[in-house]
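See structure below.
Derivation of every value follows stated rules applied to the coordinates shown; laboratory data play no part. What you see is a predicted model; the values in this text were computed from it and never measured. Here Cβ is always computed from backbone atoms with ideal geometry, including for glycine, and neighbour counts include all displayed protein chains.
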Amino acid sequence: MHALRVGEAAVTLFNSGDLRAPLAKWLRVRPAEWRGRYDAAFAEPLHVPVQSVLIRLPGTTVLIDPSCYHISPDSELFIPDYEPPPPVWQQMESAGLDPAAVDAVVITHTHFDHYSGLSRPVGDELVPAFPNARVFVGRADLEAPALQKLLKRPTSLESRTLGVVRQAGLVDATDAPHALGHGMTLLPMPGETPGHQIVRLDSSGQVLYCLGDLIHHAVEVLEPAWACYWNQKAQSIASRATLVGAALAEDAILTATHIPGFGRLERTATGARWVPITPQIS
């Protein structure tokens, strides 16, 4: 776990399991564009974390993108001989944190690694892993025909996770900036998916942005025109530009699902770069 204080907030990152990330394929970058410049990122597939963010403040607890390792051995994401950690709810319990104390869960977008920890088994049933939390999902993602079709299939991962909390009446669809209270705001940042959203926390003058998959690797800050082949590129570029401008102006702390730990942005002659923050380890 990585832990950091942001104002009055205790912010903890939980890794639910590493993925194999072929960045050159994802970004569709030719060798001539990265060779000699970004060899460490592109020469071999990276192993990247899937991080969930727990924000604890006096009066509220918010969890962002609870995940559980669900990678098939035939997936390009699978790492041979890898032993993943437990799901986030179980890691919380091991750390003495009660999943029932979570007041809100934010799903930044509906890719499986961002919601696969929403349910837990109890006997032969699946129940909400965070039973007292409202679950906020971007409306454009939630209402997408493909997702709706999967939610109707009882054996699908979608049905066994998002479907469980929806059946319990815990899901709220969002499509505009939404105040979560205690200095936290949901901000639409489409691109990775139409309903992609991020979380902004302002506590005692310090700002944190939880980015989801707005960026997947630090190289996307240096090269803002590079974007994963599955997303809406123009929207991604525009959303990133908005975030970069705000983060530089506010000297904000950042965390992204697949970039280990925390970082800040530093202005360069041509834009910005990601600078890791040495976290406290617990």
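Among the residues making up segment 224-242, a single one is within 18 Å of ALA24 (Cα to Cα), of a type in the set (Gly, Ala, Ser) and not in a loop (DSSP other than H, G, I, E, B): SER236. Residues in segment 1-23 that are hydrophobic (A, V, I, L, M, F, W, C) and in a loop (DSSP other than H, G, I, E, B): MET1 alone. Has segment 236-253 got any residue that is in contact with an Asp or Glu (Cβ under 9 Å, 6 or more places away or on another chain) and over 24 Å from HIS109 (Cα atoms)? For segment 236-253, residues in contact with an Asp or Glu (Cβ under 9 Å, 6 or more places away or on another chain) and over 24 Å from HIS109 (Cα atoms): present. Could we say that THR12 is touching a residue at least 12 places away in the same chain (Cβ under 8 Å), surrounded by 20 or more Cβ atoms within 10 Å (Cβ to Cβ) and not aromatic (Phe, Trp, Tyr) here? Criteria met by THR12.
Just a yes or no: is a residue in segment 164-185 closer than 30 Å to THR268 by Cα, touching a residue at least 24 places away in the same chain (Cβ under 8 Å) and not in a loop (DSSP other than H, G, I, E, B)? For segment 164-185, residues closer than 30 Å to THR268 by Cα, touching a residue at least 24 places away in the same chain (Cβ under 8 Å) and not in a loop (DSSP other than H, G, I, E, B): present.
Restrict the check to segment 207-222 and report whether at least one residue is over 19 Å from VAL11 (Cβ atoms), over 18 Å from the mean Cα position of the chain (by Cα) and not small (Gly, Ala, Ser). Within segment 207-222 (the criterion being over 19 Å from VAL11 (Cβ atoms), over 18 Å from the mean Cα position of the chain (by Cα) and not small (Gly, Ala, Ser)), the answer is yes, since at least one residue qualifies. So which residues in segment 115-171 are among the charged types (D, E, K, R) and under 21 Å from the mean Cα position of the chain (by Cα), if there are any at all? Answer for segment 115-171, where residues must be among the charged types (D, E, K, R) and under 21 Å from the mean Cα position of the chain (by Cα): ARG120, ARG134, ARG139, ASP141, GLU143, GLU158, ARG160, ARG166.
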